[in-house]
Structure formats: C-alpha cells, structure tokens
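Have a look at the structure below before the remarks.
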Protein chains: 2
Amino acid sequence: MADRFTAFTVTDVRFPTSRELDGSDAMNADPDYSAAYVQVATSAGDAGYGFVFTIGRGTEVAVAAIRAVEPLVVGLDVEATLADLGEFWKRLVHESHLRWLGPEKGVMHMAIGAVVNAVWDLAAKRAGQPLWQLLADLTPQQIVDLIDFRYLSDALTPDEARQLLEAAAPGKEVRRKELREHGYPAYTTSAGWLGYSDAKVARLVGEALADGFTHVKLKVGADIDDDVRRCAMVRELVGPDGLISVDANQRWDVAEAIENVARLAPSGLYWVEEPTSPDDVLGHGAIAQAIAPIKVATGENVANRVIFKQLLASHAIQVAQIDACRVAGVNENIAILLLAAKFGVPVCPHAGGVGLCEIVQHLSMFDFVALSGTTQGRWIEYVDHLHEHFVDPVRVQGGRYLAPRQPGSSAELRPTSVAEYRFPEGSTWQAPSLTLLKEES
Amino acid sequence: MADRFTAFTVTDVRFPTSRELDGSDAMNADPDYSAAYVQVATSAGDAGYGFVFTIGRGTEVAVAAIRAVEPLVVGLDVEATLADLGEFWKRLVHESHLRWLGPEKGVMHMAIGAVVNAVWDLAAKRAGQPLWQLLADLTPQQIVDLIDFRYLSDALTPDEARQLLEAAAPGKEVRRKELREHGYPAYTTSAGWLGYSDAKVARLVGEALADGFTHVKLKVGADIDDDVRRCAMVRELVGPDGLISVDANQRWDVAEAIENVARLAPSGLYWVEEPTSPDDVLGHGAIAQAIAPIKVATGENVANRVIFKQLLASHAIQVAQIDACRVAGVNENIAILLLAAKFGVPVCPHAGGVGLCEIVQHLSMFDFVALSGTTQGRWIEYVDHLHEHFVDPVRVQGGRYLAPRQPGSSAELRPTSVAEYRFPEGSTWQAPSLTLLKEES
C-alpha cells in the first residue's frame with residue numbers, strides 16, 4: 001500500500017507570557033506567545049510538525065488557515081512529495097483560491113509555511129538527520145529546484161543561485177566540522193524587554209555578559225527619553241567593545257526614526273531594527289542612508305521574498321532578519337538566503353517567541369555550511385523562554401547555538417505541554433480566576 | 001438604555017461562478033466569487049453590512065478572522081463610535097495580537113476592513129444618506145480625523161491632506177449636482193475574461209460598445225500569442241478612439257512584462273494592470289519607465305496604504321486601483337485617495353467580484369465631489385455579475401454608474417440570496433451532483 005499523507009491535527013497552544021511582561025515591546029505590550037501547531041501524519045505512522053507563531057488572540061484564525069491547506073495535502077504520496085519539495089511548495093502557494101487571501105502574505109501564507117515546515121521536519125526525520133544537515137547535503141541543483149523564482153528573476157536567476165552555491169561547495173566539510181565543534185554565534189534579547197525596570201535590565205545584561213554574550217538588544221520606541229537613558233546605562237555595562245542593537249518594533253515614521261536614532265547614536269549602536277513599517281522599502285532606504293554607518297535591520301514581519309528582494313537589491317537594509325514562521329517555510333527562506341548572499345547582506349535571524357529559535361537555527365547553520373560560508377557579522381537571536389516545551393530544545397552555551405543532532409527541524413512540542421497549554425481547554429487556561437472571568441462575561 | 005453594538009452574524013456565501021468561467025484570468029482560472037459576509041447589529045435594532053470578498057475555498061478563514069474582531073466591537077456605544085470612526089479604525093488595526101497576523105495585510109486586515117465598512121454602512125443608514133454623500137458632506141478636518149497617518153507622514157502630512165480637501169471645497173455643490181444628473185464613468189471587463197472564446201469576446205465587445213462603453217479591458221498573461229491576437233481583434237472592433245486596457249493578474253516577472261507589453265503595444269494599450277507582484281514597488285517602477293507612455297495600473301491586491309504610498313510617491317504606477325475590500329475599509333481607502341491626489345495619480349477602482357462595484361462606487365463619487373474634483377482619466381470598473389443579489393444594486397447606464405440614492409453603502413445582500421448561496425448549507429451547494437461528489441470523496 002502506498003504511503004500517503006493522512007490527516008492534520010491542528011492545535012491552538014497559548015503560553016501566558018503576558019503575566020510577566022516577557023516579550024513586551026513598543027508595539028506588542030502584552031503578548032501571550034502562542035502557536036497554531038500542526039501535526040502532518042502519514043499512513044506509515046510517522047509525522048512532521050510545524051506551526052504558525054502568534055502572540056495570543058487570533059490564533060484560532062491561523063488554525064482555520066492551516067485547516068484550509070489540509071485538503072491540498074491529504075492523500076498525496078509521501079515519498080513522491082519529499083522527492084520534489086519545490087513542486088509541493090508551488091502546489092500550496094499557487095492554489096488560486098487560497099492565494100487570493102494574501103496574496104502570499106498574512107495568515108494564509110503563514111499557514112502554508114507551517115505545513116511546508118512540517119513536511120520538512122518529516123523529511124529530516126526520515127533521513128535521520130537534523131534539518132540543517134539535510135539541507136547542507138543537497139546539491140546546488142537540488143537547492144535551486146526548491147525555489148520558485150517567480151518575481152525574483154530581475155534580482156536573482158536560477159543560474160546565479162546555482163553559482164553562489166557552487167562557489168561555497170569546496171569548504172563545506174571544514175565548516176560542517178567547525179559548526180559541530182563550536183556552534184553558531186548568538187545575541188540575546190532576553191535582557192531588554194520594554195516592560196522591564198532599569199534594575200532588571202542591568203541585572204540581566206550582567207548575566208548575559210557572564211554567559212558569554214557580546215551582543216545584546218534593547219527594545220525602544222515607546223519613549224525616546226527612556227530609550228536614551230537605557231542605552232547609555234547598557235553601554236556602561238557592556239563596555240566599549242560590546243555590541244548594542246535596538247529594536248523599535250515598527251513604532252516610528254521615517255523622519256521620526258532618523259531623529260530618534262540620532263539621539264541614541266552616542267551610545268554606539270550596531271543595528272536599528274524595524275525602525276518603521278516592514279512594508280516600507282523606500283522608507284527603510286531613506287533611514288539607512290541617513291543613519292549610516294549604523295545598520296538597518298528588518299525581516300520578522302516582512303511578508304515574503306518579494307519585499308525582501310527589494311530591501312536587499314536597493315540596499316535598504318544592512319542586516320536581513322529571516323523568520324522561520326512568517327514566510328512560506330523553508331523553501332522561501334532559502335530563496336531569501338540566496339538573495340542576501342547575492343547582495344552581500346548578512347542574515348541574522350529573528351527568533352524568540354515560542355519555538356522560533358528551535359527552527360531558525362537550522363536555516364542559519366545551512367547558510368553557514370552551504371552558502372555564505374561565514375559567521376562574520378552574523379548572530380542568531382536568542383531569547384530564553386519556553387524552550388522546555390520542546391522535545392529537542394536549542395542548546396546555547398557560551399553565547400553560541402550548538403548544532404542540533406537529533407533528526408528533524410526541532411519543531412516538535414512535548415505532548416504534555418500541548419495538553420497543558422492548549423487553548424482554552426488546557427489546565428493553564430482553566431485556573432479558577434480565569435474560569436470565573438469567563439463565567440462573568 | 002445606551003445603544004450598543006450587540007453581536008456579529010457572519011456567513012460564508014459562495015456563488016458558483018466557475019461553472020461558466022466568468023471571472024477567469026491568468027492567475028485565477030476558476031473563481032467562485034464569494035464573501036465572508038458580516039452583519040453588525042445594534043441594541044437599537046438596526047445593523048450595518050460588510051464583507052471580505054474571496055474567490056471560493058478559504059472563505060471560512062475570512063469568517064474566522066471576522067469573528068476574531070467581534071469582541072473588540074460588541075458592547076461599544078454606537079453613537080460614540082460613529083462620532084469618531086478614526087479612533088474606531090485605530091482600535092481595530094492597532095490591536096496588537098491581531099496585528100501580528102498581518103501586520104496590516106492579508107486575511108486579518110481584510111476582516112477588519114469588512115467590519116469597518118459595515119459600521120460605515122450603519123453610519124450612512126442612520127444619516128439617511130448614501131455613503132458617498134455622507135463622506136462628501138464631512139468637513140476637511142473631519143476627513144483628516146478619519147486617517148491614521150502612521151507610516152504616511154514622509155509622503156503626506158495631516159496639514160497637506162486638509163489643504164487638498166480645502167482646495168476642492170468650492171466646487172462641491174456643482175459636482176454633486178453633476179454626479180446626480182450624469183453619474184460617473186465606467187469601463188467594462190465583462191467582455192474579456194480569459195476563459196472566453198474569441199467569438200464570445202467579439203460579441204461581448206460589440207454589446208459593450210452598443211451599451212455606451214468606450215473603454216474595455218482584456219485579461220492577458222497565459223499565452224502571449226493569444227494575447228496579441230485578441231488585442232488586435234478588439235482594436236478592430238473598438239476603432240482607433242476606443243480605449244483598450246489589459247490585465248496580466250500578476251503573471252509576469254519584470255523583464256517578461258516589459259517584453260510582452262512591447263508585443264501588445266501595436267494594438268494601442270491604455271494601461272497594463274498588475275504586470276507583476278503587487279508587492280513589487282521597484283519592479284512596477286522599472287516596468288513603468290520601460291513601457292511609457294502606456295500606463296501601469298495596480299491596486300486590487302495591494303495590501304495597505306504603505307505599499308500604495310510607495311507606488312504613488314515613486315511614480316511606479318500611473319493609475320491607482322483601490323479595492324473596497326482589500327485594505328482596512330473606508331478609512332484606509334480615503335488615505336489612499338488622499339495620497340493619489342497628492343501625487344496627481346488618477347484613481348480607477350477595481351470592482352467586479354461580488355459586491356465590489358456596489359461599495360467602491362461610493363468612494364469614487366466621494367473622490368470626485370470632495371477631493372479630485374474631476375472624472376478626467378477616471379473610470380470605475382464594471383462587471384455585470386451578481387448584482388441581482390443586492391438590496392441596492394448598482395445602476396449602470398450608457399457606460400456610467402448612476403449615483404446611489406438609498407441610505408448606506410449598498411453592501412447589503414438580499415436575505416433570499418444569502419439563504420440560497422450560503423456554503424455549504426444553501427440549496428445551490430446541495431444540488432444532487434454536488435452531494436454525490438461529496439459522498440464519493
């Protein structure tokens with residue numbers, strides 16, 4: 001009997017992070033880090049896992065979007081699908097009725113990303129390899145075949161992509177060994193959430209330095225006077241050689257960003273992240289020109305490869321921040337990595353949330369081994385929340401991500417965590433006070 | 001007792017338009033024009049209506065997204081809300097958890113648009129006026145107060161917006177009278193769907209000319225040789241003075257668009273619509289430079305005011321095609337009308353689908369009376385489907401939209417139509433053949 005995809009199990013899982021203001025920033029004051037979590041099962045009895053990362057309310061919309069993808073997948077032959085994941089990506093992204101709901105952006109695109117990532121998780125599990133290694137072992141042509149070059153060919157052709165990968169091939173073995181021994185650099189955001197007091201920030205920055213981090217990020221964008229004071233305080237703590245980046249989480253207009261960065265500049269900034277709308281390619285370009293040599297970084301809210309193409313080709317960003325769960329999964333992120341390589345822009349992934357560190361580390365490690373060939377000027381974001389809920393959590397030591405060794409993409413949640421945080425049935429959400437609130441409303 | 005918003009009634013309504021290939025284009029081969037339709041009711045017993053327009057599968061995702069907005073609205077005081085619809089817009093669009101699901105794009109943004117439009121429908125019904133007239137009667141300051149200038153201020157400030165409106169104020173009475181007497185120009189897409197035979201296109205173009213249309217649009221983008229032949233045929237039919245525009249529905253890359261338009265140019269094109277990805281501001285700019293004086297038009301898939309800002313400010317488009325249901329409703333569309341006025345770009349709305357003509361006519365008529373002050377180089381798209389399902393359908397005569405006279409935004413569907421086309425319970429979807437298919441699958 002043929003081995004086919006059977007059914008999706010989609011679960012709304014929410015963690016009550018807002019109770020401690022973990023993850024608070026100028027745009028997102030009280031996130032409850034959450035996931036629309038999908039298990040894609042096969043008739044052979046194994047499964048892949050993926051999710052849409054969300055921040056609480058509305059997770060049920062992402063659940064509905066994943067369910068809308070299910071009929072496109074159930075019944076497909078598993079091995080044939082895994083043998084041509086470029087075709088699988090197009091099958092989902094080009095489905096015309098669902099495409100109207102983006103197109104190629106927002107909830108529908110993220111839901112497709114969750115399913116694409118789940119199928120990659122399955123592919124890596126079946127190959128018995130961590131995802132980064134599965135990807136790094138593909139030939140340049142196999143990688144090119146994963147990419148949909150529609151809308152990219154004015155910036156990157158399949159031939160150029162293959163040449164970039166071929167040029168990186170000679171050093172692959174050495175870099176794979178280096179990665180296994182030394183891991184990949186990280187920076188930390190755990191110290192600088194907007195809702196934290198100065199004293200808490202100071203304590204956490206001290207701990208980060210002691211843990212081996214040399215690059216910390218602070219949230220800004222609510223009150224510029226607070227931002228100036230806090231950046232100066234952190235500069236004192238990290239010393240002249242420590243790197244400080246700031247993240248405005250889209251709170252500023254173009255002129256406002258330029259003015260505010262000028263006020264923060266005396267504290268010595270490495271990058272300014274999301275200074276304005278993630279859709280504003282020309283705005284990012286204007287800001288980048290005005291604040292150089294401080295770099296502009298963005299990407300966690302960049303909807304797809306077409307916006308990334310423009311940001312990269314027009315030199316509007318100097319740091320590209322891919323996100324594992326915003327675009328349509330592994331394939332589209334590889335397209336973005338290729339664009340970044342073409343235009344010489346380092347990729348420093350967005351992570352944190354729930355599970356974003358787990359998945360995205362594989363993409364940076366693939367990039368290092370098989371494409372960019374360097375970790376110079378590159379760090380994966382690290383936030384120390386919620387890793388305990390994963391079957392194969394990230395391991396960060398001495399300010400570096402250690403290379404995952406277990407098969408898969410590290411996206412699988414522990415079944416006990418799913419049961420406890422499932423919304424609204426899980427025990428976390430059924431605490432007496434919450435039950436009372438629901439009955440009153 | 002205070003008058004409050006009570007509950008939403010959200011319905012999945014689908015029309016089986018794919019059975020006749022009405023609406024077929026190079027990207028959307030078999031749309032079933034559909035709506036996630038919302039009734040926003042009040043404790044006073046009246047209601048407003050709005051919808052997310054979709055093309056079939058996935059409508060249930062838009063339904064879920066509208067339901068996610070419901071808790072933000074239910075319980076609000078109706079009159080206080082109607083008195084400050086700028087604040088209401090921000091309340092929905094800036095809700096941080098839901099915003100993550102865009103941000104400000106895709107299904108979640110469209111769902112907010114449906115709710116915003118429904119509340120405007122209610123406002124116009126309570127005012128006893130068609131929406132276009134309610135909007136045109138607002139003062140410049142009241143209109144400016146509807147707009148969120150976040151991310152716009154580098155291109156348009158509140159002062160500039162007010163000045164544009166004040167400059168247009170003197171002729172308002174004359175234009176209102178002209179509009180009531182003569183209506184607003186239309187162009188037709190009904191003749192040129194991609195799935196139609198040449199003979200059917202020829203017959204329908206002949207009928208359109210007889211009906212008074214002087215501007216027709218053809219779908220292109222599947223096969224360039226077919227496109228060249230069909231454009232030449234239609235040029236023969238409309239004569240040297242008729243206007244022909246073409247719509248590629250995002251099927252081309254940048255270089256491909258430039259090459260293909262060069263092949264179509266001998267037939268004399270007015271605009272080329274959606275030559276490539278709607279997110280590609282720089283790509284549209286490159287195409288516009290290459291194909292001038294043929295104009296580039298886009299907008300029906302432009303996610304929000306930030307992308308429109310860039311397309312307009314960088315002269316990447318020469319025709320702005322607002323859509324009533326893609327962005328976050330009336331407020332955001334007025335922001336886009338103001339940006340278009342600032343940069344001197346005519347607005348020719350996207351319409352068709354189901355109900356898009358009904359709503360968007362109000363926005364063009366407002367634009368004419370209170371802002372642009374002209375219909376020169378402007379036409380509202382007209383497609384002759386599905387109007388019979390609306391309580392106050394558009395009236396198009398002699399190639400012109402007649403000004404609506406009934407109170408509201410014309411978005412309300414007939415209850416009998418909702419019952420018949422409701423998915424999957426409605427009788428249209430319960431026909432024996434369909435029931436059989438469902439049982440077999």
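The values are calculated or read from the model by the stated rules, or taken from the named source; none is laboratory data. For clarity, every value in this text was computed on a predicted model and none was experimentally measured. Using ideal geometry, Cβ is built from the backbone for each residue, glycine included, and neighbour counts are taken over all protein chains shown. Remember, those area values only see protein heavy atoms, side chains included, never the ligands or the DNA or RNA. Shrake-Rupley method; radii C 1.70, N 1.55, O 1.52, S 1.80 Å.
A:LEU194: open to solvent by 20 Å² or more (accessible area, probe 1.4 Å) and part of a loop (DSSP other than H, G, I, E, B), yes or no?
Yes, satisfied.
Conditions (1) closer than 23 Å to B:PRO293 by Cβ; (2) at pLDDT below 95; (3) away from chain A (no Cβ under 14 Å), marked per residue:
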| position | (1), (2), (3) |
| --- | --- |
| B:ALA191 | no, yes, yes |
| B:LEU194 | no, yes, no |
| B:GLY212 | no, yes, yes |
| B:GLY221 | yes, yes, no |
| B:ASP225 | no, no, yes |
| B:VAL228 | yes, no, yes |
| B:CYS231 | yes, no, yes |
| B:ILE258 | yes, no, no |
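Just give me the residues in the stretch B:344-385 being surrounded by fewer than 24 Cβ atoms within 10 Å (Cβ to Cβ) and out of contact with any strand residue (DSSP E or B) (no Cβ under 9 Å at 6 or more places or on another chain), in sequence order.
Those that are surrounded by fewer than 24 Cβ atoms within 10 Å (Cβ to Cβ) and out of contact with any strand residue (DSSP E or B) (no Cβ under 9 Å at 6 or more places or on another chain): B:GLY344, B:GLY373, B:THR374, B:GLN376, B:HIS385.
Kindly evaluate B:ALA124 against the criterion of being assigned to a helix (DSSP H, G or I), closer than 30 Å to B:VAL61 by Cα, more than 14 Å from chain A (Cβ to nearest Cβ) and not basic (Lys, Arg).
Answer is yes for this residue.
Mind listing whichever residues of the stretch B:155-191 are surrounded by fewer than 21 Cβ atoms within 10 Å (Cβ to Cβ) and within 24 Å of A:ALA257 (Cα to Cα)?
Residues satisfying the conditions are B:THR157, B:PRO158, B:ASP159, B:GLU160.
Criterion first (under 29 Å from B:VAL205 (Cβ atoms) and surrounded by fewer than 20 Cβ atoms within 10 Å (Cβ to Cβ)) does B:GLY398 satisfy it?
yes
If A:LEU131 meets every condition in (1) away from every other protein chain (no Cβ under 14 Å); (2) hydrophobic (A, V, I, L, M, F, W, C); (3) over 20 Å from the mean Cα position of the chain (by Cα); (4) open to solvent by less than 50 Å² (accessible area, probe 1.4 Å) apart from one, which number is that one?
It is condition (3) that A:LEU131 fails.
Going by the structure shown, is B:LEU146 over 30 Å from A:GLY221 (Cα atoms) and either outside any helix (DSSP H, G or I) or of a type in the set (A, V, I, L, M, F, W, C) (or both)?
no
Having 1 or more residues that are at pLDDT below 95, more than 10 Å from every other protein chain (Cβ to nearest Cβ) and touching an Asp or Glu at 6+ places or on another chain (Cβ under 8 Å) is the bar; report the strands (runs of 3 or more DSSP E) wholly within the stretch B:1-118 that clear it.
Because the criterion is at least 1 residues that are at pLDDT below 95, more than 10 Å from every other protein chain (Cβ to nearest Cβ) and touching an Asp or Glu at 6+ places or on another chain (Cβ under 8 Å), the strands (runs of 3 or more DSSP E) in the stretch B:1-118 that meet it are B:5-14.
Look at the stretch A:202-230 and say how many of its residues are in a helix (DSSP H, G or I), more than 19 Å from A:MET27 (Cα to Cα) and not small (Gly, Ala, Ser).
6
Of the residues that sit in the stretch A:39-55 and are open to solvent by less than 20 Å² (accessible area, probe 1.4 Å) and under 17 Å from the mean Cα position of the chain (by Cα), which one is farthest from B:VAL93 (Cα to Cα)?
The extreme case among them is A:GLY50.
Looking at B:SER153 and the list (1) away from chain A (no Cβ under 14 Å); (2) over 24 Å from the mean Cα position of the chain (by Cα), which single condition is not satisfied?
B:SER153 satisfies all of (1) away from chain A (no Cβ under 14 Å); (2) over 24 Å from the mean Cα position of the chain (by Cα) except (1).
Being at the interface with chain A (Cβ under 7 Å from one of its Cβ atoms) and assigned to a loop (DSSP other than H, G, I, E, B) is the filter here; which residues of the stretch B:279-295 pass it?
B:ASP279, B:ASP280, listed by residue number.
Would you pick out the residues in the stretch B:260-278 that are small (Gly, Ala, Ser) and either away from chain A (no Cβ under 14 Å) or in a helix (DSSP H, G or I) (or both)?
If the condition is that a residue be small (Gly, Ala, Ser) and either away from chain A (no Cβ under 14 Å) or in a helix (DSSP H, G or I) (or both), then B:ALA262, B:ALA265, B:SER267, B:GLY268 are the ones that fit.
Inspect all residues belonging to the stretch B:425-435 and state whether any of them is among the aliphatic types (A, V, I, L, M) and open to solvent by less than 20 Å² (accessible area, probe 1.4 Å).
No, that holds for no residue.
So is B:LEU237 open to solvent by 50 Å² or more (accessible area, probe 1.4 Å) and either out of contact with any strand residue (DSSP E or B) (no Cβ under 8 Å at 6 or more places or on another chain) or modelled with pLDDT of 95 or more (or both) or not?
Taking the combined requirement at face value, the residue satisfies it.
Considering only the stretch B:73-84, state which residues are touching a residue at least 24 places away in the same chain (Cβ under 8 Å), among the aliphatic types (A, V, I, L, M) and open to solvent by 10 Å² or more (accessible area, probe 1.4 Å).
Those that are touching a residue at least 24 places away in the same chain (Cβ under 8 Å), among the aliphatic types (A, V, I, L, M) and open to solvent by 10 Å² or more (accessible area, probe 1.4 Å): B:VAL74, B:LEU76, B:LEU82.
Kindly establish whether A:SER277 is under 30 Å from A:GLY102 (Cα atoms), touching a helix residue (DSSP H, G or I) at 6+ places or on another chain (Cβ under 8 Å) and open to solvent by 10 Å² or more (accessible area, probe 1.4 Å).
For A:SER277, the condition - under 30 Å from A:GLY102 (Cα atoms), touching a helix residue (DSSP H, G or I) at 6+ places or on another chain (Cβ under 8 Å) and open to solvent by 10 Å² or more (accessible area, probe 1.4 Å) - is not met.
Within the stretch B:37-45, identify whether any single residue is touching a helix residue (DSSP H, G or I) at 6+ places or on another chain (Cβ under 6 Å) and among the aliphatic types (A, V, I, L, M), and answer yes or no.
yes
Among the candidates B:THR54, B:THR42, B:THR139, which residue alone is touching a strand residue (DSSP E or B) at 6+ places or on another chain (Cβ under 8 Å), without any contact (Cβ under 8 Å) to a residue 60 or more places away in the chain and hydroxyl-bearing (Ser, Thr, Tyr)?
B:THR54
Of the conditions (1) touching a Phe, Trp or Tyr at 6+ places or on another chain (Cβ under 6 Å); (2) over 30 Å from A:ALA83 (Cβ atoms); (3) open to solvent by less than 10 Å² (accessible area, probe 1.4 Å), A:CYS325 fails just one. Which one is it?
Failed condition: (2).
Quick grid of which residues meet (1) open to solvent by 20 Å² or more (accessible area, probe 1.4 Å); (2) touching a residue at least 60 places away in the same chain (Cβ under 8 Å); (3) small (Gly, Ala, Ser):
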| residue | (1), (2), (3) |
| --- | --- |
| A:ASP227 | no, no, no |
| A:ALA232 | yes, no, yes |
| A:ASP241 | yes, no, no |
| A:ALA248 | no, yes, yes |
| A:ALA255 | yes, no, yes |
| A:VAL261 | no, no, no |
